[in-house]
Amino acid sequence: MYNFDFYNPTHIVFGKDRLDELDTLVPKDAKVLITYGGGSAVHSGLIDRIVKALGNRKVEQFGGIEPNPSLETCERAVAFIKEHGVDFVLAVGGGSVVDATKLIVMGATYDGPVIDVMKAGVPEVPVEMVPNPLPFGTVMTLPATGSEMNNGAVITYGNGKFPVFSSLVFPKFSMLDPTLTFTLPEKQVKNGVIDTFVHTTEQYLTYPVEGRIQDRFSEGILKTMIEIGHITVEEPENYDIRANHVWASTLALNGLIGAGVPQDWATHLIGHELTAAYHLDHGITLAIVLPALLEVKKADKLEKLAQYATRVWHITEGTNEEKADKAIAKTREFFESLGVATHLKDYGIGVEAVDTVVKQLKDHGMTQLGEKGDITPEVAREILMRAL
């Protein structure tokens, strides 16, 4: 197992009927900005309930944060904060709202263009650059990204998606009430299942380093998502099932299962370029890329793929290569059983996408992807060809 540091200060507030606790979680004298996405949080009455729970605090609102949040939207929010003197931000929504809020709270205290902070986001924004971002909390309405309990974000700018990390932007608290996810559109629930699943495989399907605890945690998340995936889509108000979905999504990307083990992330980075070029949902791009990537990289991932086959899919017969093939097929079948197609052609995208995405990867410096840094643009081309 590799050396690692694990640090996660986010206070998780889990369960139903807990919005009133915002009064104890947000500083009493805070001037609060609520950030949110589309109108659903308003139309459902959730924003009004949150404002009521905040009591006598001064509350401002900034809505319209889009899926795959843009730098331009973050810039407008930063200008709003500076104009209104906000000192605490409450993100209400899914991963896109939380991701945007992470850049917003840094930009709000940075004396310069917000784009500077975004461009400094890998490996992480230097502490001396933004030493005092505004504090923020979250009220989650979509289980998918895990952004509610980590320090990362992905921001869209031009034709690219840019990861941004900072050790100072863990949420102070995240309220996870599964009932707030009951009214999600079915498509978003499917995407959330896939996002949770692939977050886990990115940290699990690499190569063995004797991270036994991490492997077992990962396998537990994967098996849970296989067990509940269909039910959480088909029975959106099944509290126990949705509660497991919500918690699995958080655990898949809060740093726990990736501590001390190699991580891949090529599926996400190639998927990001597909989203940027063709506006496909993030979850859909993951369902397209992952099976193709596993096929291309099967030899390098063989030992972990065979373990995945045995422990997650209960495939016990055959050689390791045969087990790996069956496990990859089962993965594709799982995504497709949710009603999510796994080939580019299913979305009207042809072979021209291969050159487009490979060029974007080169333009964005994504030329050494994967746990070994050996997914070059030409290997990415092979993956994309298999994904057609």
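The values are calculated or read from the model by the stated rules, or taken from the named source; none is laboratory data. Values in this document were obtained by computation on a predicted structure and should not be read as measured data. We place every Cβ from the backbone using ideal geometry, glycine too, and count neighbours over all the protein chains shown. Just so you know, the surface numbers come from the protein's heavy atoms only, side chains and all, with ligands and any DNA or RNA stripped out. Shrake-Rupley method; radii C 1.70, N 1.55, O 1.52, S 1.80 Å.
When region 37-51 is filtered for residues that are within 13 Å of GLY63 (Cα to Cα), assigned to a helix (DSSP H, G or I), without any contact (Cβ under 8 Å) to a residue 60 or more places away in the chain and open to solvent by 20 Å² or more (accessible area, probe 1.4 Å), the ones remaining, listed by number, are VAL42, HIS43. Might you let me know whether region 10-22 holds any residue that is farther than 16 Å from ASP177 by Cα, out of contact with any Cys (no Cβ under 6 Å at 6 or more places or on another chain) and either in a loop (DSSP other than H, G, I, E, B) or open to solvent by less than 60 Å² (accessible area, probe 1.4 Å) (or both)? So far as region 10-22 goes, no, none of its residues is farther than 16 Å from ASP177 by Cα, out of contact with any Cys (no Cβ under 6 Å at 6 or more places or on another chain) and either in a loop (DSSP other than H, G, I, E, B) or open to solvent by less than 60 Å² (accessible area, probe 1.4 Å) (or both). Taking region 262-279 as the range and being open to solvent by 20 Å² or more (accessible area, probe 1.4 Å) and part of a loop (DSSP other than H, G, I, E, B) as the test, the residues that pass are GLN263, TRP265, HIS279. On the given criteria, is ASP355 under 25 Å from GLY94 (Cβ atoms), more than 19 Å from the chain's Cα centre (by Cα) and open to solvent by 30 Å² or more (accessible area, probe 1.4 Å)? Against the criterion (under 25 Å from GLY94 (Cβ atoms), more than 19 Å from the chain's Cα centre (by Cα) and open to solvent by 30 Å² or more (accessible area, probe 1.4 Å)), ASP355 does not qualify.
Just to verify a result, which residue in region 295-325, among those that are open to solvent by less than 30 Å² (accessible area, probe 1.4 Å), touching a residue at least 24 places away in the same chain (Cβ under 8 Å) and not β-branched (Val, Ile, Thr), is farthest from THR224 (Cα to Cα)? Per the stated criteria, the residue is LYS297. Mind listing whichever residues of region 56-96 are over 25 Å from LEU22 (Cα atoms), in a loop (DSSP other than H, G, I, E, B) and open to solvent by less than 30 Å² (accessible area, probe 1.4 Å)? Once the filter is applied, which keeps residues that are over 25 Å from LEU22 (Cα atoms), in a loop (DSSP other than H, G, I, E, B) and open to solvent by less than 30 Å² (accessible area, probe 1.4 Å), region 56-96 yields only PRO69. For region 234-250, a residue qualifies if it is surrounded by fewer than 22 Cβ atoms within 10 Å (Cβ to Cβ) and in contact (Cβ under 8 Å) with a residue 40 or more places away in the chain, and the qualifying residues are PRO236, GLU237, TYR239, ALA243, TRP247.
Screening ARG57 on (1) in contact with a Pro (Cβ under 8 Å, 6 or more places away or on another chain); (2) farther than 26 Å from SER167 by Cα shows it passes everything except condition (1). Across region 199-225, the qualifying residues are those that are in contact (Cβ under 8 Å) with a residue 60 or more places away in the chain and open to solvent by 40 Å² or more (accessible area, probe 1.4 Å), and the one among them that is nearest to ILE315 (Cα to Cα) is LYS223. Just give me the residues in region 225-261 being part of a helix (DSSP H, G or I) and over 21 Å from GLU333 (Cβ atoms), in sequence order. If the condition is that a residue be part of a helix (DSSP H, G or I) and over 21 Å from GLU333 (Cβ atoms), then TYR239, ASP240, ARG242, ALA243, ASN244, VAL246, TRP247, SER249, THR250, LEU251 are the ones that fit.
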